[in-house]
1. Can you tell me how many residues within region A:328-352 are in a loop (DSSP other than H, G, I, E, B) and closer than 24 Å to A:D236 by Cα?
2. Looking at (1) open to solvent by less than 10 Å² (accessible area, probe 1.4 Å); (2) modelled with pLDDT under 95, can you tell me which one B:N174 breaks?
3. If B:F355 passes every condition in (1) open to solvent by 10 Å² or more (accessible area, probe 1.4 Å); (2) at the interface with chain A (Cβ under 7 Å from one of its Cβ atoms); (3) of a type in the set (F, W, Y); (4) outside any loop (DSSP other than H, G, I, E, B) but one, which one does it miss?
4. Of everything in region A:56-80, what is over 21 Å from A:A182 (Cα atoms) and in a loop (DSSP other than H, G, I, E, B)? Give them in sequence order.
5. If B:E55 meets every condition in (1) assigned by TED's automatic domain parsing to the domain that holds B:G138; (2) of a type in the set (D, E, K, R); (3) in contact (Cβ under 8 Å) with a residue 12 or more places away in the chain apart from one, which number is that one?
6. For the subset of region A:74-97 comprising residues that are at the interface with another protein chain (Cβ under 10 Å from one of its Cβ atoms) and open to solvent by less than 50 Å² (accessible area, probe 1.4 Å), which member is nearest to B:Q107 (Cα to Cα)?
7. Scan region B:153-184 residue by residue and report those that are assigned to a loop (DSSP other than H, G, I, E, B) and hydrophobic (A, V, I, L, M, F, W, C).
8. Just wondering, is there one or more residues in region A:232-244 that are farther than 29 Å from A:I348 by Cβ and not aromatic (F, W, Y)?
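The values are calculated or read from the model by the stated rules, or taken from the named source; none is laboratory data. The shown structure was predicted, so the numbers you read here are calculated from the model rather than taken from an experiment. Because the Cβ atoms are built from the backbone with ideal geometry, glycine has one as well, and the counts that use them run over all protein chains shown. Each accessible area value is taken on the protein alone, full model and side chains, heavy atoms only, with ligands, DNA and RNA left out. Shrake-Rupley method; radii C 1.70, N 1.55, O 1.52, S 1.80 Å.
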There are 2 protein chains.
Amino acid sequence: MTDISITRLNASQNDFDSELARLLAWDDSVDQSVNESVRHILHQVKTRGDAAVLEFTEKFDRLKVGSVAELEISQERLQQALNAIPEDQRIALEKAADRVRDYHERQNQKSWQYEDQDGTVLGQKVTPLDRAGLYVPGGKAAYPSSVLMNAIPAKVAGVSEVIMVVPTPDGVVNDMVLAAAAIAGVDRVFCLGGAQAVGALAYGTETVPAVDKIVGPGNIFVATAKREVFGTVGIDMIAGPSEILVICDGQTDPDWIAMDLFSQAEHDEQAQSILISPDGDFLNAVEKSINALLPTMERADIIRTSMTDRAALIQVADLKEAAAVSNRIAPEHLELSVENPNEMLEDIRHAGAIFMGRYTAEALGDYCAGPNHVLPTSGTARFSSPLGVYDFQKRSSIIGFTAPGADRMGRVASVLARGEGLTAHARSAEYRVKD
Amino acid sequence: MTDISITRLNASQNDFDSELARLLAWDDSVDQSVNESVRHILHQVKTRGDAAVLEFTEKFDRLKVGSVAELEISQERLQQALNAIPEDQRIALEKAADRVRDYHERQNQKSWQYEDQDGTVLGQKVTPLDRAGLYVPGGKAAYPSSVLMNAIPAKVAGVSEVIMVVPTPDGVVNDMVLAAAAIAGVDRVFCLGGAQAVGALAYGTETVPAVDKIVGPGNIFVATAKREVFGTVGIDMIAGPSEILVICDGQTDPDWIAMDLFSQAEHDEQAQSILISPDGDFLNAVEKSINALLPTMERADIIRTSMTDRAALIQVADLKEAAAVSNRIAPEHLELSVENPNEMLEDIRHAGAIFMGRYTAEALGDYCAGPNHVLPTSGTARFSSPLGVYDFQKRSSIIGFTAPGADRMGRVASVLARGEGLTAHARSAEYRVKD
């Protein structure tokens, strides 16, 4: 097998900016036929409820049942799955869940209020969503870790009903996924997938309750459906392909770095793995490791395509420049495989999750470090955050004026409202002003 | 002039649920021609930059200039506007800004981290967005208060560049809007509106810098454009028509309540004002006030249409039931015009902002109470929050394993990764496990 060739860039080259932009470019435009198909499915589910859900489930998942109720998985079945999986898997899931719960509890937001000098009360009341929907991909990529990462923050937030949907093509159920649902405290599970599952959660059907927000990754149909129902319900984000950016000072074992890059590349052909180093020899060494290790990988074909099409080895002048390039990329996962990651951290402005030091393999964060593995992709770390407890809570402003406060501030409101030509606003405030 | 007739509902009537649903129903489906027009504009701005922005500004705002640079308003011009407006307006804007700033400073989020027993560091780093774009409606509804409410949280969050766009049809500039921009510390202002302004902020042009998030209300073209660019940049929310829900125990002056309802109704014909009370006589009294006050209102035509088409007076058995109905509505603005609002507050689960007690006119919150007036509409308070400092900050997870921690947790990650068939993940973790 011939060696693969990986894109090489140098931050000092004249066309670096445009080459980097080209490397990162990701066509997220959705095929018009996908849009139309998704709109059709959503409309059917919205107007015909269970009947439409059953039809699409038969069509897409080759699963024919008489009622949506038959697609619900009982709590007993979840417990059965938990008892059925190998003990080491059960223990690993439980350990991971404990750490994820512990971390997320620290994200819990509290209501607060204060009084100004007039006795006016101002504050913010934090409340959980009533119901959250979790989409868990099924089929080839059935990930129990996704169940933990999506459900635990919702339960920590205080969501009373967490409803999970997971497609089970041909009726194939993944016991590890069900076991994870049991551990995470998922309230109800339906064997549903695709746009029809998103529609059922957004609009509700006779059997599936409408939720307030839908979270979790999915294929292009799921992502498009989430975008469509946004507004009717909340959504977490539209996820692109997974990516990792490793910054290395050249002192980490090249095999470790190669494997860290593979751990993203194996997700799918569009996944992106980038290594930045000031050490050109080290980039060569990692490329050698990549080619040596690649034939030994179970998912070698996916990795080969991903590394060939989308990976890059980028040489920079120093770690300062590495941080600057990283901020331009705003990566989903950022490994700081350097001697002093804390020093570098100060320069990092945008990243979904930051993995500090040589021992912190990104894979640890995917499963059991504690922080969430649902992270902003495709540069959206510029403006968005990992999935967290805050995604399952919302705030209400609290305003309570005393008579003196309403008198004082009513005068201000009156001037501004009249300045905007909104005289009902002004007169409403003026009623509370003393003559 | 004949009295207007306002929808009357009683929570005890058999068809209350369906009648309430019908009352709240809001068709947010976008005309296909609007979609197409917006997509065309966005595509042109994305591919042709300034040239397209100039063309659309000439077409839609009847404003012909030679370059986008000429559409930028200088800081000197903002200061001029601040000096030009009447002194009472300047003082009112400054007082409002102070209160808004003071409130929002309490929303500032801090980075945090902790160590587990292995010395593993876990945490969350909070950083501001680099650049935020603020859309401020122009023309008929040019609201200086919107400038304060959008820009101040961004500046409090630490956003280094806040870029405001405001349409100036026929070149008409609103000095109060510019004065508000000066007070709020807006960094750059462009006289741009519509989908072309959203496109310029999302993609950047030769002259307008690309931002990371676009916030602020706008018409259907602006809302549709924001929905389209979501993913390329963050957006705040897709706002529907404004609404108020007043819950009154029957002891507030009916004129006050009528005017509070008007203060939403005057926004536009689709605005919704609802009053809930256990006291049927009080509902009659408010209806009388409505009809007595309506002819005295400057915006009587808008108010009449809104109150006739979308308002309702709802009788309930008691305040407990009022809270339950309110939670179903999840109103943008909720006035608790009752003797003991704190007691009621416990039962309120979903609302954008809650106005406590008879003196707290909703209009006070619109201008100068301190909390934001950009609030979730159309029931989206079920899952979203007022605009806040948190909208201009994002989080990065921090994970730093020590060698012992990577050894211990690498074993867990390995089991889970192999359970998911992701062996590069497993091997990446296993490299950090001691033999």
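1. Taking region A:328-352 first, the residues in a loop (DSSP other than H, G, I, E, B) are A:330-332, A:338-340, A:346-352.
Within this subset, residues satisfying the condition of being closer than 24 Å to A:D236 by Cα are A:330-332, A:348-352.
Count: 8.
2. Single failed check for B:N174: (1).
3. B:F355 satisfies every listed condition except (1).
4. Matches in region A:56-80: A:R62, A:L63, A:K64, A:V65, A:G66, A:S67.
5. (3)
6. Among those that are at the interface with another protein chain (Cβ under 10 Å from one of its Cβ atoms) and open to solvent by less than 50 Å² (accessible area, probe 1.4 Å), it is A:A96.
7. Restricting attention to region B:153-184, the residues satisfying the condition of being assigned to a loop (DSSP other than H, G, I, E, B) are B:158-160, B:166-168, B:172-174.
Hits for region B:153-184 are B:V159, B:V166, B:V172, B:V173.
8. Within region A:232-244, the subset farther than 29 Å from A:I348 by Cβ is A:232-233.
Retained after the next criterion (residues that are not aromatic (F, W, Y)): A:232-233.
Within region A:232-244, one or more residues are farther than 29 Å from A:I348 by Cβ and not aromatic (F, W, Y).
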